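A.B. asks: Below: one structure in C-alpha cells.
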Amino acid sequence: MGGLMIMGHGALIPLFWLYLCIFGVQLLLNRMKTFRIPSILAYLILGLLLSYYGKGLFHEEQIKWLDGLSEFGLYYLMFLSGMEIDLNLLRTNQGKKLWQTPLMFGFFVFLGTALLAFLLGTRIHQIDPALHSWMIMLILLTTSLGIVMPVLKEAGVIQSEYGQLLLTSAILADLITMIVLSIIGGSYQTGFTWHQASVGLLLPLSIVIYQTIIRLRQTSLWRLEFQKNAVARLQGLLAILGLYGIITDMTGSEAILGSFLAGFLLASFRLHDNHPFKEQLEGIGYALIIPIFFVMVGFRFNVTEFIHSPQSLRWVPLLLSTAFVVKVLPMMCLSPILGMRRALAGGFLLSARMTLIVVAASIGIRLGVINKEIQDAVIVVAIISSLLSPLIFSMNMKNLT
C-alpha cells in the first residue's frame, strides 16, 4: 500500500493537476463563441503560464515523467496525421489531370519553398559565415504537421481539396526534411554508410506493406477475422506500429517518421470520419495524450534565459520574417486557383513550426554548423509561429465562412 501511495504522489498527482488545467482551458474554449482560438494555441499558452507560475506543482522527476508522456504524444500525433491523408483525393479522378491533384499542387508549393529557403539560407550564410546555408535551408523548409493537421480538422476542411493540398504540402516538407536530417545527422561527421542509406528503405517498404494490406482486405481471412473483430484490428495496428518502431531504430531515422508512415498505412483501410475505430483512436489522442505534448512544449521554454541573450534577440526578427516568406509566397502563386484569402491563410498555416525545426536546430548544434544563439532564436521562432499561424488561419477561414 505504501508503494502505491508513493507512485501516486510521484506520477498521478502532477498528471491530475495538468489535466485539471487542460479541462479548464477546454471549458473556456467552448464558451468562446465570437473569438475562438485553436485548442493547440491554448495548450501552448497554458504551458508558458505553468512554466512561469506553476513550476512548484511539479518535482524534477515528475517533469521527466511528463516529458516521456509528451514524447509519446508527439508520436501519436504524427500517427494520426498520416491517418488523415485521403488517398482518393491524392489520385487523379473525376476527369482531372495529374497536375490538378492536391498532390501536385502540394509538390509545387514544396519546390517553391525549397528554392526560397535555399536563397535565403545562402544570404544568411553571407551575414554569418559560421552558419551553413544548407542547415538554414532545412530549418526554413520545415512545417509543423502536428499543428497543420489539428487546425485543418478543427476548421472542418481537412477532407476538402483545399485541406488536402495544405496537408500534402506539410507532409512533403516534413517527410523530406526528416529523411534528409536522419541521413545527414549520422553521416556528416562519420561519413556516409549503408546504415544511413537504409533510411531510404522506409518508403519502398511502406509501399510493399500498403499493397499487402490492399490484397489482404480482399481475402476471406479479412472478412472473417478483421472486419468484424475490433480487437483483432487493434492488435494488427499495434503490430504495424511495433514494426515501424523496430525499423526506425535499426535505420537510425527519426521515430516521428515511422509513426507518420504507420498512420499513412492505416489510411489504406479507408475509415470514414464517423467510423467507431477511428473515433476511438482520435479520442485517445486529442483528449488524453496530444494536449500533454503541446503543454510541455510551452512549459520547457525558458523565457528569462532568452531575454538575457541579446544576440539571440537580434536573430529572431530575421528568422521569423524568412520563416513566413518561404511559405506564404509559394502559396500566393496559387491565388488565381484558391482565391487570395485562402492562399494567404494557407501560407500562414504552413508557416507554423514546432518539433521538427527544434530537432533540426539541435542536430545543427551537434554537427557544429550553427551556433547556440541561432538555436535559441529558432526555438522562439517556433513558438511565435505556432502561436500566430493557427490564429491567422482561423481568422481568415472564419471571414470566408
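The values are calculated or read from the model by the stated rules, or taken from the named source; none is laboratory data. Since the structure is predicted, the reported quantities are computational estimates derived from the model, not experimental observations. Backbone-built Cβ (ideal geometry, glycine too); neighbour counts: all protein chains shown.
A.B. asks: Read through the list (1) of a type outside the set (Lys, Arg); (2) more than 18 Å from VAL326 (Cβ to Cβ); (3) buried (at least 24 other Cβ atoms within 10 Å of the Cβ), then give the number of the only condition that VAL381 fails.
C.D. replies: Among (1) of a type outside the set (Lys, Arg); (2) more than 18 Å from VAL326 (Cβ to Cβ); (3) buried (at least 24 other Cβ atoms within 10 Å of the Cβ), VAL381 violates only (2).
A.B. asks: Run LYS33 past the list (1) more than 24 Å from ARG353 (Cα to Cα); (2) modelled with pLDDT under 80; (3) assigned to a helix (DSSP H, G or I) and report the number of the one that doesn't hold.
C.D. replies: (3)
A.B. asks: State all residues of the range 128-138 that are in contact (Cβ under 8 Å) with a residue 60 or more places away in the chain and aliphatic (A, V, I, L, M); if no residue qualifies, say none.
C.D. replies: Residues satisfying the conditions are ALA130, LEU131, MET135, ILE136, LEU138.
A.B. asks: Name every residue in the range 36-58 that is surrounded by 11 or more Cβ atoms within 10 Å (Cβ to Cβ), at pLDDT below 75 and either of a type outside the set (A, V, I, L, M, F, W, C) or within 15 Å of ALA287 (Cβ to Cβ) (or both), in order of residue number.
C.D. replies: Result: ARG36, PRO38, GLY54, LYS55.
A.B. asks: Ok, one more. For the subset of the range 358-378 comprising residues that are out of contact with any helix residue (DSSP H, G or I) (no Cβ under 7 Å at 6 or more places or on another chain) and outside any helix (DSSP H, G or I), which member is surrounded by the most Cβ atoms within 10 Å (Cβ to Cβ)?
C.D. replies: So, considering only residues that are out of contact with any helix residue (DSSP H, G or I) (no Cβ under 7 Å at 6 or more places or on another chain) and outside any helix (DSSP H, G or I), the one surrounded by the most Cβ atoms within 10 Å (Cβ to Cβ) is ASN371.
A.B. asks: Can you tell me how many residues in the range 331-349 are touching a residue at least 60 places away in the same chain (Cβ under 8 Å), over 21 Å from VAL378 (Cβ atoms) and under 20 Å from the mean Cα position of the chain (by Cα)?
C.D. replies: Residues flagged as touching a residue at least 60 places away in the same chain (Cβ under 8 Å), over 21 Å from VAL378 (Cβ atoms) and under 20 Å from the mean Cα position of the chain (by Cα) within the range 331-349 amount to 2.
A.B. asks: Go through the range 151-183 and give me each residue that's under 16 Å from SER394 (Cβ atoms), surrounded by fewer than 24 Cβ atoms within 10 Å (Cβ to Cβ) and not hydroxyl-bearing (Ser, Thr, Tyr).
C.D. replies: LYS153, GLU154, ALA155, GLY156, VAL157, ILE158, GLY163
A.B. asks: Of all residues in the range 9-28, which are hydrophobic (A, V, I, L, M, F, W, C) and modelled with pLDDT of 85 or more?
C.D. replies: LEU18, LEU20, CYS21, ILE22, PHE23, VAL25, LEU27, LEU28
A.B. asks: Of the residues GLY146, GLY112, which is in contact (Cβ under 8 Å) with a residue 12 or more places away in the chain and over 25 Å from SER39 (Cα atoms)?
C.D. replies: Answer to the check: GLY112.
A.B. asks: Turning to a different aspect of this structure: Where in the range 89-165 are the helices (runs of 4 or more DSSP H), entirely inside, with at least 3 residues that are at pLDDT 85 or above, more than 20 Å from the chain's Cα centre (by Cα) and over 30 Å from PHE294 (Cα atoms)?
C.D. replies: Because the criterion is at least 3 residues that are at pLDDT 85 or above, more than 20 Å from the chain's Cα centre (by Cα) and over 30 Å from PHE294 (Cα atoms), the helices (runs of 4 or more DSSP H) in the range 89-165 that meet it are 102-127.
A.B. asks: Being over 18 Å from SER160 (Cα atoms) and not aromatic (Phe, Trp, Tyr) is the requirement here; does ALA352 meet it?
C.D. replies: yes
A.B. asks: While we're on this one: Got at least one residue in the range 80-88 being within 17 Å of the chain's Cα centre (by Cα), hydrophobic (A, V, I, L, M, F, W, C), under 29 Å from THR322 (Cβ atoms) and at pLDDT 85 or above?
C.D. replies: Within the range 80-88 (the criterion being within 17 Å of the chain's Cα centre (by Cα), hydrophobic (A, V, I, L, M, F, W, C), under 29 Å from THR322 (Cβ atoms) and at pLDDT 85 or above), the answer is no, since none of the residues qualifies.
A.B. asks: Only one residue in PHE324, PHE293 is modelled with pLDDT of 95 or more and either in contact with a Pro (Cβ under 7 Å, 6 or more places away or on another chain) or of a type in the set (A, V, I, L, M, F, W, C) (or both). Which one?
C.D. replies: None of the others qualify; the one that does is PHE324.
A.B. asks: What pairs come up if the first residue lies in the range 275-291 and is free of Cβ contacts under 8 Å to residues at least 24 places away in the same chain, the second is surrounded by fewer than 13 Cβ atoms within 10 Å (Cβ to Cβ) and of a type in the set (A, V, I, L, M, F, W, C), and their beta carbons are under 9 Å apart, counting only those six or more places apart or on different chains?
C.D. replies: Listed pairs, sorted by first residue: GLN280/ALA230.
A.B. asks: With respect to ILE292, determine if the residue is buried (at least 20 other Cβ atoms within 10 Å of the Cβ) and within 30 Å of ILE247 (Cα to Cα).
C.D. replies: yes
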